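Chemist: First, the structure itself, so that you have it in front of you.
The values are calculated or read from the model by the stated rules, or taken from the named source; none is laboratory data. Just so it is clear, the structure is predicted and the values come from calculations on it, not from any experiment. Virtual Cβ from ideal backbone geometry, glycine too; neighbours counted across all protein chains shown. Remember, those area values only see protein heavy atoms, side chains included, never the ligands or the DNA or RNA. Shrake-Rupley method; radii C 1.70, N 1.55, O 1.52, S 1.80 Å.
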Amino acid sequence: MDVLREYWLFLLPLIIAQFVLMITALVHIFKHPDYRFGSRAMWIVIVVLFQMVGPIVYFVFGRGEDH
Amino acid sequence: MNILEISDLQMSFGTNHVLRGLNMEVPEHAIFGFVGRNGVGKTTTMKIVLGLLKAQGGSVTVCGETVSYGATRTNRHIGYLPDVPEFYGYMRPREYLKLCGEITGLAPAKIKSRSEELLELVGLEGVNRRIGGFSRGMKQRLGIAQALLNEPRLLICDEPTSALDPIGRRQVLDILSAIKGRTTVVFSTHILSDVERICDHIAVLEQGQLALSGTLAEIQKQQRRNSFRIRFATEAEATAFTQLEELNRGGVELILDGKELQISCEDGSIDGQKLVDLLSEHRLAPENFEAMEPTLEDLFTEVVT
Amino acid sequence: MKHYFVFLKKELMEYARTYKLLILLAVFTIFGMTNPLIAKLTPDLLANFMPGGMTITIPEPTALDSWAQFFKNTQQMGLIVLLLVFSSVLAGEISKGTLINLLTKGLMRQAVIVAKYGAMLLVWSISVGLSAFLTWVYTAYLFPGDGVSQLVFAVFCMWLFGAFLLAVLLAASTVAGGNYGGLLLTGLAVVALLTLNIVPGALKYNPVSLASRSMELAANAIDKSVLYPAVAVTIPAALGLIGIAVLVFRRKQI
């Protein structure tokens, strides 16, 4: 994978942005026990498995009320 | 002076005539209990007063100004606490009060001092987390604080205690009685003990009109229903007393239970004096003689059923 | 005037604390960086995954490919995420009843609508601006020397279409009930606009053209004057929708 070695400097911020989104979602999931639907395990899987889309779906549809 | 006057208010939803010519007057500085069964039209009335609902007839004045539907000017005199107040869960109490104050147009320094004052009044001065995590009672107390922010002359509370546990309920009632004298309070409820605890004026809504209204004493007098309980020394004396012809006629109800006799009179023809006369005439010395005031619950059940 | 400002502040706080801002900024940052990388790396990746011995000739990617990714991603995922994130902005307040308190305090109803639109527009502008800026920076590094024509106008058209969709969403939310009624109605409106292109000549004025033809603009296949009629329709249409939203909302029973 020469490509990755060549462009790592460009890829790094991208990976960081993805991680920020994922970590924020995971922190929220662990701090809040109530979701509009689904269970904690389900949301963890979704957020970890689907880059970018997972956290979006969680925050838009899954996030419960602030507690 | 009456701070709130409602005259001939008409409102119906479809075929359901909720208000049928409601007349109501709230004097200034009263704590006014607006009582009625669930679904009888209390919330509807309050929403009309706030200009949130459009009445089909009649008029409402607040501080002498007529209320109009939509953005009504009279709301500047009113603080409103909905039955289940909804806040922005992501805000902290002080941030929410600041938002309310800015909308009302209070000066920033005033908002700050008033917020602290009110948070102390409602016992939330030490709370600085987001409202989303508040209990119902805390939300209700914050609701009172936001309603009082602009020093309204009239505070309207819709069922402020019905969703609360006994402790939360007492806290809310204590706050309401604490502001008595500064602000007129109108609160709707179906919990009669709350009314007896803090209200000085009462109105009972039934069938779209007021079935009862006035101070508790006035209402009790209005009903002209005299009740007494006499405990005699022996059962024989009690029985003998029930045989008296003065007591055995229409309009008088006698309930004998061992040595105790309960007498109630619908038409007022028998009063305490009369009973005392009868007792001495027949040389009876009871162990106990008491005049029973009808409770609000008695009166309420009477007009509602 | 004060109410507009106060409510705008409240909206921005809401976006920041309910993760709306985070989602949009993250998504558009990711897109901004991904666009040029995809364009640059696609041929290499394809070559890597090709079975041994097979060779395919792919034209060397250019800056235009990078911008093609930008317009494609913004137009599809970008706008969908934008609408999803903002779908609850008015509907949620109506269904929860959070506005009752503030309206009885004398908050002007038109301030609610206008401030909400202003706040959404601000966030959308920052998002699409950020994404375009990152794509521009990455493209400049990865494809040095390549120029793209009419780029600023093409990005403006994309922004304007997003601004138009937000106006549709807001107006739809005052009419439709429920949490997702406004979103659904907006989706239907977009489908209707796309169908409208069947009518001869409609393409020229259709707001949808602002997004769908932005790539042609960047590729210099059409002159920017071709999209002037669509711009001239979209701006008053968006303003008109906000006007309708204000009128409906004023009469709405809260």
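Chemist: Search the stretch B:229-242 for residues that are free of Cβ contacts under 8 Å to residues at least 40 places away in the same chain and pair each with any residue that is open to solvent by 60 Å² or more (accessible area, probe 1.4 Å) and hydroxyl-bearing (Ser, Thr, Tyr) when their beta-carbon atoms are under 9 Å apart and the residues are at least 6 apart or on different chains.
Modeler: Note: no pairs meet the criteria.
Chemist: Tell me the residue from C:149, C:131, C:125 that is loosely packed, with under 15 Cβ neighbours inside 10 Å, farther than 20 Å from residue C:17 by Cβ and at pLDDT 95 or above, please. Before you say what the answer is, go through the steps one by one.
Modeler: On the way: C:149 fails: at pLDDT 95 or above; C:131 fails: loosely packed, with under 15 Cβ neighbours inside 10 Å.
None of the others qualify; the one that does is C:125.
Chemist: Is it true that residue C:69 is open to solvent by 10 Å² or more (accessible area, probe 1.4 Å), away from every other protein chain (no Cβ under 13 Å) and assigned to a helix (DSSP H, G or I)? Steps first, answer last, please.
Modeler: Working: open to solvent by 10 Å² or more (accessible area, probe 1.4 Å): yes; away from every other protein chain (no Cβ under 13 Å): yes; assigned to a helix (DSSP H, G or I): yes.
Here the answer is yes, as residue C:69 does meet what is asked.
Chemist: Against the conditions (1) under 16 Å from residue B:289 (Cβ atoms); (2) open to solvent by less than 50 Å² (accessible area, probe 1.4 Å), where does residue B:212 fall short? Just the number, please.
Modeler: Every condition holds for residue B:212 apart from (1).
Chemist: If you don't mind, there's one more thing I want to ask. Among the residues of the stretch C:235-254, which ones are open to solvent by 30 Å² or more (accessible area, probe 1.4 Å) and within 14 Å of another protein chain (Cβ to nearest Cβ)?
Modeler: Hits for the stretch C:235-254 are C:247, C:248, C:250, C:251, C:252, C:253, C:254.
Chemist: While we're on this one: Within the set of pairs 6 or more residues apart or between chains, which connect a residue that is within 21 Å of residue C:112 (Cα to Cα) inside the stretch C:230-244 to a residue that is surrounded by fewer than 15 Cβ atoms within 10 Å (Cβ to Cβ) with Cβ atoms less than 9 Å apart?
Modeler: Close Cβ pairs (under 9 Å, with a partner that is surrounded by fewer than 15 Cβ atoms within 10 Å (Cβ to Cβ)) amount to C:244/C:175.
Chemist: Quick test for you: out of B:142, B:124, B:99, pick the one residue that is among the hydrophobic types (A, V, I, L, M, F, W, C) and within 13 Å of residue C:105 (Cα to Cα).
Modeler: After applying the criteria, what remains is B:99.
Chemist: Only residues that are in a loop (DSSP other than H, G, I, E, B) and closer than 15 Å to residue C:82 by Cα: list them for the stretch C:137-186, please.
Modeler: C:180, the sole residue that qualifies.
Chemist: Scan the stretch B:14-38 for residues that are open to solvent by 20 Å² or more (accessible area, probe 1.4 Å) and over 16 Å from residue B:176 (Cα atoms) and jot them down. I'd like the intermediate steps shown before the answer.
Modeler: Restricting attention to the stretch B:14-38, the residues satisfying the condition of being open to solvent by 20 Å² or more (accessible area, probe 1.4 Å) are B:14-17, B:20, B:23, B:25, B:27-29, B:37-38.
Once the filter is applied, which keeps residues that are open to solvent by 20 Å² or more (accessible area, probe 1.4 Å) and over 16 Å from residue B:176 (Cα atoms), the stretch B:14-38 yields B:14, B:15, B:16, B:17, B:20, B:23, B:25, B:27, B:37, B:38.
Chemist: Let me ask you something else. Take the residues in the stretch B:135-152 that are more than 17 Å from residue B:120 (Cβ to Cβ) and touching a Gly at 6+ places or on another chain (Cβ under 9 Å); name whichever of them is nearest to the other protein chains (Cβ to nearest Cβ).
Modeler: Going through the qualifying residues, I end up with B:150.
Chemist: Hey, another quick one. Any residue in the stretch C:10-33 that is more than 10 Å from chain B (Cβ to nearest Cβ) sitting within a Cβ distance under 7 Å of a residue that is open to solvent by 10 Å² or more (accessible area, probe 1.4 Å) and assigned to a loop (DSSP other than H, G, I, E, B)? List the pairs, counting only those 6 or more apart or interchain.
Modeler: C:27/A:52; C:30/A:52
Chemist: Could you tell me which residue of the stretch C:95-117 is farthest from the other protein chains (Cβ to nearest Cβ), considering only residues that are within 24 Å of the chain's Cα centre (by Cα) and open to solvent by 20 Å² or more (accessible area, probe 1.4 Å)?
Modeler: Here the answer is C:117.
Chemist: To continue, here is another question. For the stretch C:80-94, which positions are open to solvent by 30 Å² or more (accessible area, probe 1.4 Å) and either outside any helix (DSSP H, G or I) or more than 12 Å from chain B (Cβ to nearest Cβ) (or both)?
Modeler: Scanning the stretch C:80-94 gives C:80, C:84, C:88.
Chemist: Of the residues C:232, C:221, which is surrounded by fewer than 17 Cβ atoms within 10 Å (Cβ to Cβ) and not in a helix (DSSP H, G or I)?
Modeler: Only one candidate qualifies: C:221.
Chemist: Being under 29 Å from residue B:136 (Cα atoms) and away from chain A (no Cβ under 14 Å) narrows it down to one residue among B:104, B:61, B:15; which is it?
Modeler: Residue meeting the stated conditions: B:104.
Chemist: Still on this structure, please answer the following. Could you please let me know if residue B:2 is surrounded by fewer than 17 Cβ atoms within 10 Å (Cβ to Cβ) and in contact with an Asp or Glu (Cβ under 9 Å, 6 or more places away or on another chain)?
Modeler: Judged against the criteria, residue B:2 is a match.
Chemist: For the stretch B:145-168, enumerate the residues that are touching an Asp or Glu at 6+ places or on another chain (Cβ under 7 Å) and under 14 Å from residue B:31 (Cβ atoms).
Modeler: Scanning the stretch B:145-168 gives a single hit, B:161.
Chemist: Could you tell me how many of the residues in the stretch B:238-266 are under 19 Å from residue B:282 (Cα atoms), exposed (fewer than 12 other Cβ atoms within 10 Å of the Cβ) and of a type in the set (Asp, Glu)?
Modeler: 1
Chemist: Of (1) modelled with pLDDT of 95 or more; (2) surrounded by 15 or more Cβ atoms within 10 Å (Cβ to Cβ); (3) of a type in the set (Val, Ile, Thr), residue C:191 satisfies all except one. Which?
Modeler: (2)
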